[in-house]
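Below is one structure; the comments refer to it alone.
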Amino acid sequence: MMQSHNDTTAKSGDPVAVLGQRIQQALAQVLGPEYADADPLVRPAQNKAFGDFQSNAAMGLGKKAGRQPRQLAQEIVDALDAGDLCEPPAIAGPGFINITIRPEALNAMLADMDQEHLGVEPLDRGHLVAVDMVGVNIAKAMHVGHLRSSIIGDSVCRILARLGYEPLPQNHLGDWGLQIGMLIDYVMQEQIDLDSLTLPDLEVAYRESNRRCKENPEALERAKARLVLLQQEQPAEIDAWHKVTRITLDACYEACDLMDLTLTRDHERGESFYRERLKPVVDALLERGIAEESEGAIIVRFPSENPSSDASGEDDEIDEEQSPLVIQKSDAGYLYATTDLAGIRYRVGELGAERLIYVVDARQRDHFKKVFTAAGMAGWDVLPGRDDSERKAELIHVAFGAVCGKDGKPLKTREGENVKLMDLLQEAVRRAQAIVQEKNPDLSDQEKAEVARAVGIGCVKYADLSSQLGKDYVFDWDRMLAFEGNTGAYLQNQYVRIRSIGRKAPDDVNPAAPFCIEKPHEKDLALTLLRYPTMLAGVGRTLEVNKLCQYLFDLAQTYSAFYTECPVLKAESPALRDARLRLCNLTAAVLADGLHLLGIRTLERM
Ligand code: ARG
């Protein structure tokens, strides 16, 4: 990442942040004002027996300031003004400061968090982020390869919106170029009626058009001529092109709807959108000497990153990095990269997006690396109209790995074809339906259908979002649909269970009863809840949606342990009952918020 945006801050309810600030004040007192923003290194305690948190600052700073670390730790503790937050800290080992939060402080922080925003402080308006996602190609049904771009992209948009950014989804459709020329020429030649064509018919036509052009040079010439007519915006070609686009996208939106994506038609920014912007890209790069002619083509060369020879044996990679980027072919045609360069110019220069996020297959890593570098060389990542004219947009490729079958190879049908996304999603719902039927036969048919959809789609999404981004993962129906373990169904079910306690509670419960954290399991739950805003801000920066999944799983498990140890409805006193109910409600609210940010539905019964 080119620039970190540390502008999303957690509210005052985060113990790590609050303790950190107090320790910084102490550091400034002990070591001088230049230490006021030294990292206080506050972490959850490694051993809970010694406290809730520890600060490891004295070791590093001791060395830097020429002070004995244990002595420095003692001076920090003496200067620390945090009696309202914690017990007097203890010093251990070479200079760890062990901190135990006072129950009253936890109660107050929880009360602070227990509002609609759940402690998440949104940014001021006006932080635009372009999120490149979905990116289907015309005349092809969405296949499993589009799953990740869709659901990771959607979750990224939801999380960024929650943090106060304004996400601008960009559906970078493959809707321009020779492939389209071939297809349109074929359907026009064959006088195929596009008004009644379905996507499967269109796919057949597409394959056939490809085959013909491969076998027959005349057909290829005709396709090229057709493309020229399309590029000249001739009415008949434009009409056919519109129709094939609509057939493709209408089917695409069916899958998007089933996945509950927030993406709509308004977010279509296909390759065709940039067609008038391609020549200016090439001209501008030539004019500035960034691009040059080579064997009739126009290319951008990159200065070698690391001229000294590399001893790691990864020469291949280095060679690839240095290979030039072709932006215009010798037949004058433009390329995928040219369009992406025009896209950066548009997103930064015209939209004013300060972050450009590309949720695209990891196999395109090299492509994006080169495109980003070339855009940087041209200064197209510099944001317009800002006071500091050097302010650069952040260009990020969120590279995801493949969805694999149990054989570890990219998932295919038995016939060796790409698995259609719609088939996969419908199978998920069918399988969930069978599970619901077995687990809860008493639900009405309508409820069963609702649960099956939420659980089936939720599980597919969760399995995908919770796996590490850049890595491949194995698609395993049984594991992803399990009700125990790190799955979407487990989290949905935990939510249902927490909510059912609330429904069983008597009428005289005080929903605003003061929190009352005493027992270790209550404290664990409280500390886990209080991590939410900071965790979310971190995900907003790094875009590691799997960290949000991990957090929610931790929360659900911590809640489980609490619920086993601490009776809620049968608590010793009404005050304690109400306090614990409020803790349950806050847990449910955080779970629901987090699941919503993953694009996973919650249910009241399942
Ligand atoms: N249509 C492309 C493909 O199927 C994905 C588009 C990704 N986005 C982009 N700006 N290049 O590979």
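Laboratory data are not the source of any read-out in this text; all were calculated from the coordinates shown. Computed from a predicted structure; not experimentally measured. Cβ atoms come from the backbone with ideal geometry, glycine included; neighbour counts cover every protein chain shown.
In loop segments of the stretch 351-432 as defined by DSSP, the trypsin sites (Lys or Arg not before Pro) with at most 10 further C-beta atoms inside 10 Å of their C-beta are Lys406, Arg414.
Diffusion coefficient (Stokes-Einstein, Kirkwood radius over C-alpha pairs, 25 °C, 0.890 mPa s) for the stretch 324-398: 190 µm²/s, rounded to a whole number.
Taking every Cα-Cα distance in the stretch 472-515 and sorting them into 5 Å bins starting at zero, the pair-distance distribution P(r) comes out as 5, 18, 16, 16, 12, 9, 10, 5, 6, 3, 0 percent.
Beyond 16 Å, the tail of the calculated P(r) for the stretch 65-114 holds 48 percent of the Cα pairs. Just the Kirkwood number for the stretch 557-606, please: inverse of mean 1/r across all distinct Cα pairs, in Å, one decimal. Computed over Cα pairs of the stretch 557-606, the Kirkwood hydrodynamic radius comes out at 12.1 Å.
Backbone amide hydrogens, once placed in the peptide plane, bring Cys86 within less than 5 Å of Arg102, excluding anything fewer than 5 places away on its chain.
Computed 3J(HN,Hα) for the stretch 339-344, one whole-Hz value per residue from the Karplus formula 6.51 cos²θ - 1.76 cosθ + 1.60 where θ = phi - 60°, is 5, 5, 5, 4, x, 5, glycine and proline marked x.
3J(HN,Hα) along the stretch 417-432, derived from phi through the Karplus expression 6.51 cos²θ - 1.76 cosθ + 1.60 where θ = phi - 60°, amounts to 9, 4, 6, 5, 4, 4, 4, 4, 5, 5, 5, 4, 5, 4, 5, 5 Hz, with x in place of Gly and Pro. Note on the chain: percent of Cα-Cα distances in each 20 Å bin, starting at 0 and stopping at the bin with the largest distance, equals 17, 43, 31, 9, 0. For the residue pairs Lys48/Lys519; Lys392/Lys547; Lys140/Lys471; Lys140/Lys279, the C-alpha atoms sit more than 18 angstrom apart in Lys392/Lys547; Lys140/Lys471; Lys140/Lys279. Over the stretch 460-606, what per residue volume does the convex hull of the Cα atoms give, in whole Å³? Here the figure is 108 Å³ per residue.
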